[in-house]
Amino acid sequence: QVQLVESGGGLVQAGGSLSLSCVASGGTLSNFAMGWFRQAPGQEHEFVAFISWPGRSKKYGDSVKGRFTISRDNAQNTLYLQMNSLIAEDTAIYYCAARSINLYSNRPSEYDYWGQGTQVTVSL
């Protein structure tokens, strides 16, 4: 069973940058498509970014397009999210997720494994 652990969250000023990581243990991310989602208080999970296996296809949510970059290091079993030009609306808990079907999806229900999340707070 794949276990995912996110790290890299924290408090940052608007306009700043953060880099999130998601490490897999108990299994490999080989053949898994990966995604980042976020959830703000009182809100549903919002799709942030997707990357296929081994990494040729990438998709982004409209609210982060041009500011966030998803990548993966397959040798290290690690997924990344580089977040630039952060705004207050990016404040949320960020989750990485793994999907056993190597096709694009922005639906949380179509992902099989989830991390516990890491808090990102953007101050004005």
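Here, each number is a calculation from the coordinates, and none is a lab measurement. Everything numeric in this text was worked out from a predicted model, so none of it was measured. Cβ placement follows ideal geometry from the backbone for every residue including glycine, while neighbour counts extend to all protein chains displayed.
What the table shows:
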quantity: Rh (Kirkwood; distinct C-alpha pairs) - the chain, Å; calculated: 14.2 Å
quantity: Label-to-label distance, nm, for residues given as S109 and S123 (7 Å Cα→Cβ offset); calculated: 4.0 nm
quantity: Contour excess over end-to-end distance, with Cα ends at E44 and S57 and 0.36 nm allotted per residue; calculated: 2.2 nm
quantity: GNM flexibility winner over the chain from R38, R72, R56 (Cα, springs under 10 Å); calculated: R56
quantity: Cβ-placed point charges (K, R +1; D, E -1), dipole of the chain about Cα centre in debye, nearest 20; calculated: 340 debye
quantity: Average Cα contact separation per residue, region 1-85, under 8 Å, 6 or more apart, as relative contact order %; calculated: 30 percent
quantity: Inter-centroid distance (Cα atoms) of region 54-116 relative to region 36-52, Å; calculated: 8 Å
quantity: 15 Å cut-off, amide nitrogen to a point 7 angstrom out along N31 Cα→Cβ, residues in region 85-108; calculated: 99-103
quantity: Most fluctuating residue given options S85, S71, S21, as computed from a GNM of the chain linking Cα atoms under 10 Å; calculated: S85
quantity: Gaussian network model of the chain, springs between alpha carbon atoms under 10 Å - residue of G61, G42, G16 with greatest fluctuation; calculated: G42
